[in-house]
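Right, one structure below, let's go through it.
The values are calculated or read from the model by the stated rules, or taken from the named source; none is laboratory data. From a predicted model like this one, the values you see are computed outputs, not experimental measurements. With ideal geometry, Cβ positions are generated from the backbone for all residues, glycine too; neighbour counts draw on all protein chains shown.
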Amino acid sequence: MTNQLGFYFDASLCTGCKVCQVACQDKNHLPPEIIWRKVVQYGGGNWIPQGDIHVPNNLGIVSLSAACMHCDQPTCMQVCPTAAISKRSDGVVLIDQSKCIGCRYCQWACPYDAPRFDEAAGVMTKCTFCEDLLGKGENPACVDACVMRAIKFGEMDELRAKYGNVNAVEPLPEAKYTMPSLVITPHKHSQISGTGTGRILNLPEEM
């Protein structure tokens, strides 16, 4: 069986501090407009009148840290017209920028909006799973940076055996489209993808 590396995310621990996002930006020397790992705030509920006051009704905010899912069935790779995207034997999905023509098909096809266009270079970019650090036996930058230890990585079989099979909570798309290499421990306010009643609370410039 082919090995598959993936991420584990504990939504019950995440405080939304964005240190993982900053660490990714710093390690990969990314400009502010190119974000590989995004921390998304998702909230729902409302206030309902009760006599002379309003009381909370199912109010809740959940933070979600997400990057490229290095999917089992990566649509980005399927639509790339120049075969610039490949999947390694360890499951890591990479872009060969020497072959990329910057058409953005991968970005449009990816339900996670993971590939990002570098206008200065004219090519697509995305999370590399910190392949250079992996090669030295080190952890991805986001994993080491998380102050709450909410992000981990490993072989998917091991992650699923330890943490379960949940891999899609709002606002992520349903997992059936690409089979993401991700395991999630949901927050108490998390909603399974496709059943959400909330909305993304991030400002446009944070996305």
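A few points about this structure:
- W108 fulfils the conditions (1) aromatic (F, W, Y); (2) assigned to a strand (DSSP E or B); (3) free of Cβ contacts under 8 Å to residues at least 60 places away in the same chain except for a single criterion, (2).
- Given (1) crowded, with 17+ Cβ neighbours inside 10 Å; (2) at pLDDT 95 or above, index of the condition G198 fails: (2)
- Scanning region 149-161 turns up at least one residue that is exposed (fewer than 15 other Cβ atoms within 10 Å of the Cβ) and either within 22 Å of Y42 (Cα to Cα) or polar (S, T, N, Q) (or both).
- L64 being at pLDDT 95 or above and either touching a Cys at 6+ places or on another chain (Cβ under 6 Å) or farther than 18 Å from A168 by Cβ (or both): no
- Residue, surrounded by the fewest Cβ atoms within 10 Å (Cβ to Cβ), within region 1-54, restricted to residues that are in a helix (DSSP H, G or I) and over 16 Å from the mean Cα position of the chain (by Cα): D26
- Just one residue in the set V40, V93, V19, V79 is touching a helix residue (DSSP H, G or I) at 6+ places or on another chain (Cβ under 7 Å), of a type in the set (A, V, I, L, M) and touching a residue at least 40 places away in the same chain (Cβ under 8 Å); that residue is V19.
- Checked against the criterion of being among the basic types (K, R), touching a residue at least 24 places away in the same chain (Cβ under 8 Å) and within 30 Å of G45 (Cα to Cα), region 177-191 has at least one qualifying residue.
- Selection from region 179-195 of residues that are modelled with pLDDT of 95 or more and either at positive phi or in contact with an Asp or Glu (Cβ under 7 Å, 6 or more places away or on another chain) (or both): M179, S181, T185, S193
- Of everything listed in (1) under 21 Å from C71 (Cα atoms); (2) under 16 Å from the mean Cα position of the chain (by Cα), the single unmet condition for C146 is (1).
- Only listed residue being part of a loop (DSSP other than H, G, I, E, B) and within 15 Å of A11 (Cβ to Cβ), chosen from N139, N167: N167
- When we screen K99, K87, K136, K126 for residues that are among the charged types (D, E, K, R) and surrounded by 20 or more Cβ atoms within 10 Å (Cβ to Cβ), the only hit is K126.
- Among the residues of region 85-136, the ones that are under 14 Å from the mean Cα position of the chain (by Cα) and aromatic (F, W, Y) come to 2 in all.
- On inspection, M207 passes the criterion of being modelled with pLDDT under 95, among the aliphatic types (A, V, I, L, M), surrounded by fewer than 18 Cβ atoms within 10 Å (Cβ to Cβ) and at negative phi.
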